[in-house]
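Okay, structure first, notes after.
The values are calculated or read from the model by the stated rules, or taken from the named source; none is laboratory data. What you see is a predicted model, and the numbers here were worked out from it, not measured in a lab. Cβ coordinates were reconstructed from backbone atoms using ideal geometry, including for glycine residues, and neighbour counts include every protein chain displayed.
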Amino acid sequence: MTVAIFLGALLGTMALGIPIAFALLACGLALMVHLDMFDAQILAQNVINGADSFPLLAVPFFMLAGEIMNVGGLSKRIVDLALACVGHIKGGLGYVTIMAAVLLSALSGSAVADAAALTALLLPMMVKAGHDKARSGGLIAASGIIGPIIPPSIGFVIFGVAANVSISKLFMAGIFPGLMIGAALWFTWWLVGRRENITPPPRKSRAEILKALRDSTWALMLPIIILVGLRMGVFTPTEAAVVAAVYALFVATVVYRELRFSQLAAIFVTAAKTTAVVMFLVAAAMVSAWLITVADLPSKVIGMLEPFMDNPTLLLIAIMLLCMAVGTAMDMTPTILILTPVLMPVIKAAGIDPIYFGVLFIINNSIGLITPPVGTVLNVVAGVGRMKMDEVTRGVLPFMLAEFIVMFLMVLFPSLVIVPARWLAG
């Protein structure tokens, strides 16, 4: 009965078009009434405690860093470097997109920011070169979701707080899976673009490649600073976010000089608005998370999944299929906040490594950003690229399939995630 009330309240309010954050509060209120423990003070206290978290301070600073990188020229120089290195290969602009997405994901950690930057910079070039616009938009969307997988990742920060696991270990565990997804997209682009008869631009000279590398050196230093700092224990993920924002601001204003101080106010406001949405979602979700624990909902879910508990692989497949279904109707952040408190006790009871599960869970939710009808990244690419939603959806399908195949390979072969993660974490 408790599970039915939880799902009914959540899905019912969402069906009415109520924003997710308020739907989560309504869901918590329904559980309170059902448990005969309604207290407005408890509700308010959990909302405040939900946002009162030091690790969550990483979110606004990573958001700010991403905005500064896009406006301040860091993203553009990453794209220029990728163009100089692989732009001359047949279908080279597609490979440039993938390479640039991998590099940008190590800077911002936001799929939406990466997809918007790549669409604005590369989609016109790909269309002008003769590539199919729908397929090009689909590749950009599929490449953009690498952002929440390779650190620094806002998704890992939110999951780490919700699941109470090490964010630093999640960061290290996300590197190799993110590169695997990039490799899968590379292969898929080669596969679908073999029949295109497009003349690639001429190969850049060694001097031009060195110039592009020199121009992008300051931007490329950022992920190195963050990863080395985390690996050596110099700073926490939250402090790494501050370092990223300050470093990006310094490079954009002093080194590249593309960001004027008059633009800072607009950048801060944009980052603050995005942060406010995320933080209110987190705060509202903590009410439901607390009531989920009080109602002992995880034990009921464990009972429902009892047939799979003896086989971790089957259990993970069932959970991944559930997340795929949820991802078609819900954005990444609310999915993490709603499902994590329910699924983590199940994962621990089955003896599955929480870090390994966290990587799979974030990959699944990241792919959810390009699954229609919600597909936040699809909407961003369609909006920035002035395309119809159904065109981007058609173009993204082969790349989305490749990403799901990689994810299920990681489910079947856990060592693909666990071994590199342990090696990188030392």
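In the set (1) crowded, with 24+ Cβ neighbours inside 10 Å; (2) closer than 22 Å to residue 382 by Cα; (3) within 14 Å of the chain's Cα centre (by Cα), residue 116 fails one condition alone, (1).
Only residues that are more than 21 Å from residue 183 (Cα to Cα) and either of a type in the set (A, V, I, L, M, F, W, C) or in contact with a helix residue (DSSP H, G or I) (Cβ under 6 Å, 6 or more places away or on another chain) (or both) were counted across the range 135-168, and they come to 13.
A single member of 153, 136 is closer than 23 Å to residue 398 by Cα, hydroxyl-bearing (Ser, Thr, Tyr), in contact (Cβ under 8 Å) with a residue 60 or more places away in the chain and buried (at least 17 other Cβ atoms within 10 Å of the Cβ), and it is 136.
The residues of the range 1-20 that are closer than 16 Å to residue 341 by Cβ, surrounded by 13 or more Cβ atoms within 10 Å (Cβ to Cβ) and under 29 Å from the mean Cα position of the chain (by Cα), listed by number, are 3, 6, 9, 10, 20.
Per the listing 359, 384, 377, 346, the residue uniquely at pLDDT below 90, of a type in the set (A, V, I, L, M, F, W, C) and within 18 Å of residue 158 (Cβ to Cβ) is 377. In the set (1) within 29 Å of residue 165 (Cβ to Cβ); (2) touching a residue at least 40 places away in the same chain (Cβ under 8 Å), the condition left unmet by residue 88 is number (1). Residue-level check: of (1) assigned to a helix (DSSP H, G or I); (2) under 25 Å from residue 67 (Cα atoms); (3) not aliphatic (A, V, I, L, M), residue 235 misses just (1). Residue 110 passes every criterion in (1) at pLDDT 85 or above; (2) crowded, with 23+ Cβ neighbours inside 10 Å apart from (1). Considering only residues in the range 88-102 that are assigned to a helix (DSSP H, G or I) and among the aliphatic types (A, V, I, L, M), the one that is modelled with the highest pLDDT turns out to be 98. Each residue in the range 410-426 was checked for being in contact (Cβ under 8 Å) with a residue 24 or more places away in the chain and either buried (at least 18 other Cβ atoms within 10 Å of the Cβ) or at negative phi (or both), and 11 pass. Restricting attention to the range 43-54, the residues that are buried (at least 16 other Cβ atoms within 10 Å of the Cβ) and either modelled with pLDDT of 80 or more or not small (Gly, Ala, Ser) (or both) add up to 3.
When residue 198 is tested against the conditions (1) free of Cβ contacts under 8 Å to residues at least 12 places away in the same chain; (2) aliphatic (A, V, I, L, M); (3) outside any helix (DSSP H, G or I), the lone failure is (1). Applying a threshold of 6 Å to beta carbon distances and a minimum spacing of six or more residues, or different chains, the list of pairs starting in the range 70-82 at a residue that is farther than 10 Å from residue 121 by Cβ and ending at one that is hydroxyl-bearing (Ser, Thr, Tyr) reads 73/256; 77/216; 81/216. Considering every residue within the range 389-411, establish whether at least one is under 30 Å from residue 233 (Cα atoms), among the small types (Gly, Ala, Ser) and under 20 Å from the mean Cα position of the chain (by Cα). No, there is no match, as no residue in the range 389-411 is under 30 Å from residue 233 (Cα atoms), among the small types (Gly, Ala, Ser) and under 20 Å from the mean Cα position of the chain (by Cα). Looking only at the range 15-28, count every residue that is touching a residue at least 60 places away in the same chain (Cβ under 8 Å) and aliphatic (A, V, I, L, M) and tell me the total. Within the range 15-28, residues that are touching a residue at least 60 places away in the same chain (Cβ under 8 Å) and aliphatic (A, V, I, L, M) number 4.
Checking the conditions here, which among 245, 240 is at pLDDT below 90 and either more than 12 Å from residue 69 (Cα to Cα) or surrounded by fewer than 16 Cβ atoms within 10 Å (Cβ to Cβ) (or both)?
Values: 245 fails: either more than 12 Å from residue 69 (Cα to Cα) or surrounded by fewer than 16 Cβ atoms within 10 Å (Cβ to Cβ) (or both).
Every option except 240 fails the conditions.
Do you know which residues across the range 349-373 are farther than 17 Å from residue 146 by Cβ and either assigned to a helix (DSSP H, G or I) or touching a helix residue (DSSP H, G or I) at 6+ places or on another chain (Cβ under 8 Å) (or both)? Correct list: 349, 350, 351, 352, 353, 354, 355, 356, 357, 372.
Go through the range 169-202 and report how many residues are basic (Lys, Arg) and surrounded by 13 or more Cβ atoms within 10 Å (Cβ to Cβ).
Residues of the range 169-202 that are basic (Lys, Arg), as a first pass: 169, 194-195.
Now narrow it down to the ones that are surrounded by 13 or more Cβ atoms within 10 Å (Cβ to Cβ): 169.
Looking only at that region, the number is 1.
Any idea which of 251, 277 is surrounded by 21 or more Cβ atoms within 10 Å (Cβ to Cβ) and assigned to a helix (DSSP H, G or I)? Let's see the steps before the verdict.
Values: 277 fails: surrounded by 21 or more Cβ atoms within 10 Å (Cβ to Cβ).
Result: 251 is the single residue among 251, 277 that is surrounded by 21 or more Cβ atoms within 10 Å (Cβ to Cβ) and assigned to a helix (DSSP H, G or I).
Looking at the range 90-99, can you tell me whether even one residue there is more than 24 Å from residue 153 (Cα to Cα), touching a helix residue (DSSP H, G or I) at 6+ places or on another chain (Cβ under 7 Å) and crowded, with 22+ Cβ neighbours inside 10 Å? Yes, because at least one residue in the range 90-99 is more than 24 Å from residue 153 (Cα to Cα), touching a helix residue (DSSP H, G or I) at 6+ places or on another chain (Cβ under 7 Å) and crowded, with 22+ Cβ neighbours inside 10 Å.
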